[in-house]
Amino acid sequence: MKADSTSIQLWRGFFPSWKFFDEIGFVPSLHFRVAASENEIQLKAWDPVIQKIRRRWLDLFFNPHGNALLFTDTLVRQFADDIQAGDSPEQLEHAVSFKIIYNLVLQEVKKYTVIEPQFYFQFKVVMTPLLNENNKASEDLLISSIYRGA
Amino acid sequence: MELYFDRPLFVIRFIQMALSLVLMLQTFEFFQLLSDMGPTEKFAWKNFRGDFLAFPKPVLAIFDFIYREPVFKILLVLRFAVCALTLIPSTLGLLPGLAFAQLIFSLIIIWRWRGAFNGGSDFMSLVLLMAVAASMLFFRNVFVAKAAIWYVAVQVSLSYFMAGAAKVQRADWLSGQALKGFLKTSIYAEPIWLRKLAMNSLCLKLATWGFLFFEILFPFSLLKPHWCLGFLFVGALFHLSNFIIFGLNRFFWIWLVAYPAVYCSSLLLLRH
């Protein structure tokens, strides 16, 4: 299974490719929605996991939050690559990148559900064209099952 | 300045000290990150350990031990301490061991995050750590120090050239439209001045062509020291703009740490 062969990634630091911003196509982004019941969730709007932040000059020296967001973005890109590799949904749910994304969303959802003892959530990966040529629309690459959190 | 920067042993020591300062800054960032996350954190080790399943079980058990949160924090403290020690002049005799420890600790820390926490900046950190460690292991050997400096200079040149060569083949980059697209992907909210810049196709084209020329031509910086200083100055501005737009603060510092190797290489080439 391609998604499980990710241990190779550990060694990539020794073979840097030095290609930055070279992929012009679709940019993946992660969205989630949360509700108190399973029926209610279909009516809820999707929120992005990565919320844009305000820049500060201090970030040049100390930028933990910004770097955490950049790392989250990398994880979403790795997950989108795994989805596009064509694994079946069952295989995908066992992939490392899926577990990471599931946990990321769960932690994000918990911020919204401090009071609720039980909640349901769902997430999706949206592919947005980097260039707005020919009015290309965004596409849902994956919409997850509905999960129960507590 | 040339009096010092044409001395490979001095340059390696200079890079090691600057690298230590940058790694100390990064360690502070990791600490803040781990404190923000709490025990059921966003990037919990249990979700990342699947990447390590290819390792034999005893090795996996070692990683399980190292990456548990209290132990991982101790590892960060240890790297911080090692980096701090390299800054003290009286530890000269310990430098080979400290350089090797810096490399191993950094490698373990980077692995925790699927092989890289901050992409290219981690790769450049490894290039520098390997160069410094190799040079320090053959302490006071000028030939090895020269080789290490050339290795860093070639990697820095490649980092720009490869990035530029990949872009220059794309019509969307040459028209400036790709830059417009990437500006929207920033983690930062777009300020008004940036939105105005993105609306102006001439500005986009000029900015794009400017940094494409810089990236493609960078290897020529090795040919003459005064060209080199010019390229390095533009490079620092380039990374500063990448920080302002995309928040890439680690890239700014780590490339700056590598620059003395590029300058030293240009001086060595001139002398040759």
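The values are calculated or read from the model by the stated rules, or taken from the named source; none is laboratory data. Quantities reported herein were computed from a predicted structural model and do not represent experimental measurements. Counting neighbours? That spans all protein chains shown, and the Cβs are built from the backbone with ideal geometry, glycine included.
Checking B:F123 against (1) in contact (Cβ under 8 Å) with a residue 40 or more places away in the chain; (2) of a type in the set (F, W, Y); (3) within 14 Å of another protein chain (Cβ to nearest Cβ): exactly one of these is not met. Which one?
So the condition that B:F123 fails would be (1).
Quick grid of which residues meet (1) within 23 Å of A:D59 (Cα to Cα); (2) within 8 Å of chain A (Cβ to nearest Cβ):
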position: B:A163; (1), (2): no, yes
position: B:V168; (1), (2): no, no
position: B:G176; (1), (2): no, no
position: B:F182; (1), (2): yes, yes
position: B:W193; (1), (2): yes, no
position: B:K196; (1), (2): no, no
position: B:M199; (1), (2): no, no
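So, B:I254, is that one within 11 Å of chain A (Cβ to nearest Cβ), within 23 Å of the chain's Cα centre (by Cα), over 25 Å from B:Q169 (Cα atoms) and modelled with pLDDT of 90 or more or not?
no
Here is a check on your reading of the model: is A:S17 surrounded by 13 or more Cβ atoms within 10 Å (Cβ to Cβ), within 13 Å of chain B (Cβ to nearest Cβ), more than 13 Å from the chain's Cα centre (by Cα) and not in a helix (DSSP H, G or I)?
On the way: surrounded by 13 or more Cβ atoms within 10 Å (Cβ to Cβ): yes; within 13 Å of chain B (Cβ to nearest Cβ): yes; more than 13 Å from the chain's Cα centre (by Cα): yes; not in a helix (DSSP H, G or I): yes.
Yes.
Select from segment B:214-229 the residues that are touching a residue at least 60 places away in the same chain (Cβ under 8 Å) and farther than 17 Å from B:Q155 by Cβ and list them in ascending order.
B:P225
If you scan segment B:132-178, which residues turn out to be among the polar types (S, T, N, Q) and under 16 Å from the mean Cα position of the chain (by Cα)?
Residues of segment B:132-178 among the polar types (S, T, N, Q): B:135, B:141, B:155, B:157, B:159, B:169, B:175, B:177.
Selection gives B:Q155, B:S157, B:S159.
From the set of residues in segment A:73-93 that are assigned to a helix (DSSP H, G or I) and free of Cβ contacts under 8 Å to residues at least 40 places away in the same chain, which is farthest from the other protein chains (Cβ to nearest Cβ)? Can you show your working first?
Residues of segment A:73-93 that are assigned to a helix (DSSP H, G or I), as a first pass: A:73-84, A:89-93.
Then drop every residue that is not free of Cβ contacts under 8 Å to residues at least 40 places away in the same chain, which leaves A:73-75, A:81, A:89-90, A:93.
On the way: A:D73: 7, A:T74: 7, A:L75: 8, A:D81: 12, A:P89: 17, A:E90: 16, A:E93: 12 Å.
Only one residue fits best here, namely A:P89.
Of these, B:L87, B:L137, B:L98, B:L53, which one is aliphatic (A, V, I, L, M) and either free of Cβ contacts under 8 Å to residues at least 12 places away in the same chain or within 14 Å of chain A (Cβ to nearest Cβ) (or both)?
When all the criteria are applied, what remains is B:L53.
Do the conditions hold for B:W255, that is, is it among the aromatic types (F, W, Y) and closer than 20 Å to B:F123 by Cα?
In short, yes.
Is there a residue in segment B:72-90 that is modelled with pLDDT of 90 or more, of a type in the set (A, V, I, L, M, F, W, C) and part of a loop (DSSP other than H, G, I, E, B)?
yes
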